[in-house]
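Engineer: Quick one: structure below, then a few questions.
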Amino acid sequence: MEEKNSATQETTYLINDLCCATEEQLIRKGLQRLSGIQELEFNLISHKLRVKHNCDEETIAHQLKNIGLPGQIESKAGAPVNKTFRRLLASTSLSGVLFVVGIAVQLLTSPGVTADAFFLLSLLAGGWHMALKAFKAMRSFALEMNSLMIVASVGAVIIGQYAEGAAVVFLFSVSLLLESASTERTRSAIRSLMKLAPASGTVLRGSTEYTVPLEEIRIGETVIVRPGERIPVDGRVLKGASSVDEAAITGEPFPSPKSSGDAVYAGTFNQLGVLFINVTRQSSDSTIARIMHLVEEAQNKKAPSQTAVERFARYYTPAVFILAICVALVPPLFFEALFTDWFYRSLVLLVIACPCALVISTPVTLASAITNAARNGILIKGGKHLEVLAGLRAIAFDKTGTLTQGRASVAEVVSLNSLSECEILRIAAAAEVHSEHHLAEALLRKAKESGIQLANIETEDFSSITGKGIRTRVDGRTYIIGNHLLMEELGVCSPLVEEKLAQLEGSGKTVVLLSDEKSVLGLISISDEIRSEGRETVRKLRELGIERVTLLTGDNQGTARAVAEQLGVDELQAELLPDGKLRAIEALRKRYGTVGMVGDGINDAPALAAADVGIAMGGAGSDIALETGNIVLLSDNIEKIPHAIALGKKAIRIIWQNISIALLTKSVFLVLGVFGWTSLWLAILADDGAALIVILNALRVLKNDR
């Protein structure tokens with residue numbers, strides 16, 4: 001095949017008939033014959049195939065068509081239309097009508113050619129699309145469910161069992177129809193996230209308002225959103241005040257007040273006043289678009305149980321197929337048994353060999369759970385993280401921005417020499433202008449409130465001392481701002497400093513010290529309000545089986561202890577640098593096995609990565625949080641953590657229920673089939689019934705109850 005493009009590119013194909021692991025294996029086998037295929041990612045729920053390749057994308061589309069699973073390039077496909085479901089509904093309905101007519105003819109007259117003709121027509125009406133897929137699969141030497149059903153139904157016709165052959169095709173077609181409808185419900189639940197954003201917005205250009213499509217709204221433009229309208233894009237409020245319902249993004253039921261400078265997000269609902277919004281992101285890069293993309297990506301990341309089931313099905317199906325051949329041939333050849341009798345039994349085994357009920361229930365369950373979580377402001381980046389959540393035994397929390405509100409404020413300024421409190425605050429704020437630490441914001445805000453002008457202050461030679469503080473020159477003089485540990489290392493602490501520190505830290509405050517190169521000049525105490533939901537969250541975690549709740553913080557021992565006592569955590573580790581938090585997580589894993597870490601996604605990155613599952617405090621629209629951690633709390637509400645754990649436990653419980661139902665059904669009918677104690681009718685009914693039960697059971701995860 002001639003390569004037309006040597007550069008690696010990524011193309012997503014929409015494949016309507018992609019619904020089961022058997023189709024996935026068929027596509028893998030067919031595409032691997034092409035040179036230039038580098039990586040394949042399948043999403044059975046959204047019917048998508050993502051291909052990394054350096055061959056022509058139309059070549060891939062042509063090969064998919066040859067395989068019998070045609071696909072469209074997503075960017076050229078337009079709005080998704082489920083044509084497969086419509087065709088399947090029409091063929092199944094026609095097959096059902098002809099089958100019922102055949103039964104009626106058989107009951108009203110003596111069995112004969114007329115009834116058999118209707119059964120044969122029913123088989124053809126319901127089985128033509130299966131036969132087409134089976135033919136394409138057999139050309140590729142692949143064994144999949146359509147092949148099994150066609151062989152079973154044709155075999156029944158060969159031995160004169162027209163009614164049973166038609167029943168196999170009709171009932172299997174019904175199961176495919178129900179499966180398609182149930183997975184479509186899951187896809188609709190996911191797509192409903194994107195439908196929240198309106199298709200257009202009102203843009204102010206000059207002095208004139210224009211209604212334009214979303215994709216034409218540019219960054220930097222001003223969008224006007226009136227009461228009762230949904231906000232079309234991400235941005236910041238330029239003018240106006242209102243109350244905005246952000247439940248679509250955060251899952252929080254209470255509206256959020258918005259005024260000048262506040263961030264707003266596409267898909268949220270403006271309730272009261274008119275808002276003038278400065279656009280900060282294109283519609284394709286909005287928070288809700290990125291969440292939707294991450295939810296779809298999460299469906300591609302299979303849980304261990306799903307991978308194990310698919311591996312089992314890969315060997316189970318050919319094993320039962322071989323058993324069916326043996327059942328058909330061995331007794332007649334070696335024991336003079338009646339061929340038609342044992343051939344019929346082998347057909348029953350072919351029906352039982354179909355792994356669809358076993359394989360489809362797990363991805364549907366995981367997709368339902370991930371969608372449920374997204375609706376509630378919890379972004380879970382893959383089914384494997386649900387399994388980890390279900391098995392958590394210990395969990396660690398960062399303090400600032402996680403168990404506290406993360407909005408620090410200056411409580412007190414203490415002078416220890418001739419500098420006034422105002423001068424201490426002035427120097428500290430000027431030094432922190434270039435700092436990204438959350439305490440810097442508190443100092444700058446307090447300076448602004450106190451009327452301190454920073455514009456004319458000369459600062460230079462700024463340097464950060466990781467985890468401890470900063471060093472800089474203000475008006476030509478060197479100052480150090482940092483924690484107690486840094487001051488001890490510099491040798492500038494004194495008994496008076498220690499005394500004042502003990503007083504302030506004992507009341508639960510964080511203390512920043514200002515020094516020159518000789519002595520501490522002053523202390524600034526900073527408070528951070530504890531989250532009201534913190535203690536209740538810790539209680540719920542224990543109810544869910546979490547054995548150890550630990551607080552990990554870089555803050556001082558006194559402040560950390562005050563927070564730990566209020567929340568009722570089991571263990572406290574204070575004055576930790578990022579690598580100290582990492583070691584603490586590793587120690588917890590040795591003691592408890594599966595460990596989770598909750599942090600703000602910035603300085604907690606090493607600990608979040610080291611934990612079995614990292615939970616980032618997101619804040620809607622936070623780029624860092626969306627990229628860090630395995631789970632993101634979009635509302636910054638830690639009460640969502642117990643909900644996520646309960647959801648994980650429920651999903652895994654349902655997965656194992658489904659696996660048990662499918663395996664038990666197949667085991668029973670495998671034995672019944674070998675001994676000739678069942679019929680094709682009952683085998684296909686049992687298989688379809690099991691498939692329907694496990695799918696409906698999987699969809700229960702979409703509900704919010706535990």
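The values are calculated or read from the model by the stated rules, or taken from the named source; none is laboratory data. Just so it is clear, the structure is predicted and the values come from calculations on it, not from any experiment. Here the Cβ is made from the backbone with ideal geometry for all residues, glycine too, and neighbour counts use every protein chain on show. The accessibility values were calculated without ligands, DNA or RNA, using every heavy atom of the protein model including side chains. Shrake-Rupley method; radii C 1.70, N 1.55, O 1.52, S 1.80 Å.
Engineer: For the stretch 89-108, check the following and say yes or no: at least one residue is at pLDDT below 85, open to solvent by 60 Å² or more (accessible area, probe 1.4 Å) and outside any helix (DSSP H, G or I).
Structural biologist: Looking for residues that are at pLDDT below 85, open to solvent by 60 Å² or more (accessible area, probe 1.4 Å) and outside any helix (DSSP H, G or I), one finds none in the stretch 89-108, hence no.
Engineer: On the basis of being more than 21 Å from Val410 (Cβ to Cβ) and at pLDDT 90 or above, does Glu547 make the cut?
Structural biologist: Judged against the criteria, Glu547 is a match.
Engineer: What is the number of the single condition among (1) in contact with a Gly (Cβ under 7 Å, 6 or more places away or on another chain); (2) more than 19 Å from Glu517 (Cα to Cα); (3) not in a loop (DSSP other than H, G, I, E, B) that Leu439 does not meet?
Structural biologist: Exception for Leu439: condition (1).
Engineer: I would also like to ask the following. If the requirement is being closer than 18 Å to Ser435 by Cβ, hydrophobic (A, V, I, L, M, F, W, C) and touching a Ser or Thr at 6+ places or on another chain (Cβ under 6 Å), which of these qualifies: Ile465, Ile470, Ile452?
Structural biologist: Working: Ile465 fails: touching a Ser or Thr at 6+ places or on another chain (Cβ under 6 Å); Ile452 fails: touching a Ser or Thr at 6+ places or on another chain (Cβ under 6 Å).
Just one listed residue meets the conditions, Ile470.
Engineer: Kindly indicate which of Ala396, Ala373, Ala411 is surrounded by 22 or more Cβ atoms within 10 Å (Cβ to Cβ), in a strand (DSSP E or B) and on the phi < 0 side of the Ramachandran plot.
Structural biologist: Ala396
Here's the yes/no breakdown for (1) at pLDDT 85 or above; (2) under 14 Å from Leu88 (Cα atoms); (3) part of a helix (DSSP H, G or I):
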residue: Ser173; (1), (2), (3): yes, yes, yes
residue: Ile190; (1), (2), (3): no, no, yes
residue: Leu193; (1), (2), (3): no, no, yes
residue: Leu196; (1), (2), (3): no, no, no
residue: Val203; (1), (2), (3): yes, no, no
residue: Tyr210; (1), (2), (3): yes, no, no
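Engineer: If you take just the strands (runs of 3 or more DSSP E) that sit entirely in the stretch 497-607, which of them hold at least 2 residues that are of a type in the set (Phe, Trp, Tyr) and open to solvent by 30 Å² or more (accessible area, probe 1.4 Å)?
Structural biologist: Correct list: empty, since no element meets the threshold.
Engineer: Let me ask something additional. Hey, could you check the stretch 249-264 for residues that are open to solvent by less than 30 Å² (accessible area, probe 1.4 Å) and outside any strand (DSSP E or B) and say which is modelled with the highest pLDDT?
Structural biologist: Checked the stretch 249-264; the qualifying residue modelled with the highest pLDDT is Ile249.
Engineer: Now for a different question. What number of residues in the stretch 9-51 are in contact with a Ser or Thr (Cβ under 6 Å, 6 or more places away or on another chain), over 20 Å from Arg139 (Cα atoms) and open to solvent by 10 Å² or more (accessible area, probe 1.4 Å)?
Structural biologist: 3
Engineer: Looking only at the stretch 669-691, count how many residues are β-branched (Val, Ile, Thr), open to solvent by less than 50 Å² (accessible area, probe 1.4 Å), more than 19 Å from Leu176 (Cα to Cα) and part of a helix (DSSP H, G or I).
Structural biologist: The qualifying residues number 1.
Engineer: Considering only the stretch 229-248, state which residues are over 17 Å from Leu634 (Cβ atoms), aliphatic (A, V, I, L, M) and assigned to a strand (DSSP E or B).
Structural biologist: If the condition is that a residue be over 17 Å from Leu634 (Cβ atoms), aliphatic (A, V, I, L, M) and assigned to a strand (DSSP E or B), then Val237, Leu238 are the ones that fit.
Engineer: With the requirement that a residue be outside any helix (DSSP H, G or I), surrounded by fewer than 20 Cβ atoms within 10 Å (Cβ to Cβ) and at pLDDT 80 or above, what does the stretch 268-325 give you?
Structural biologist: Phe269, Gln271, Leu272, Gly273, Val274, Phe276, Asn278, Thr280, Arg281, Gln282
Engineer: Tell me the residue from Lys650, Lys666 that is at pLDDT 90 or above and either open to solvent by less than 10 Å² (accessible area, probe 1.4 Å) or touching a helix residue (DSSP H, G or I) at 6+ places or on another chain (Cβ under 9 Å) (or both), please.
Structural biologist: Lys650
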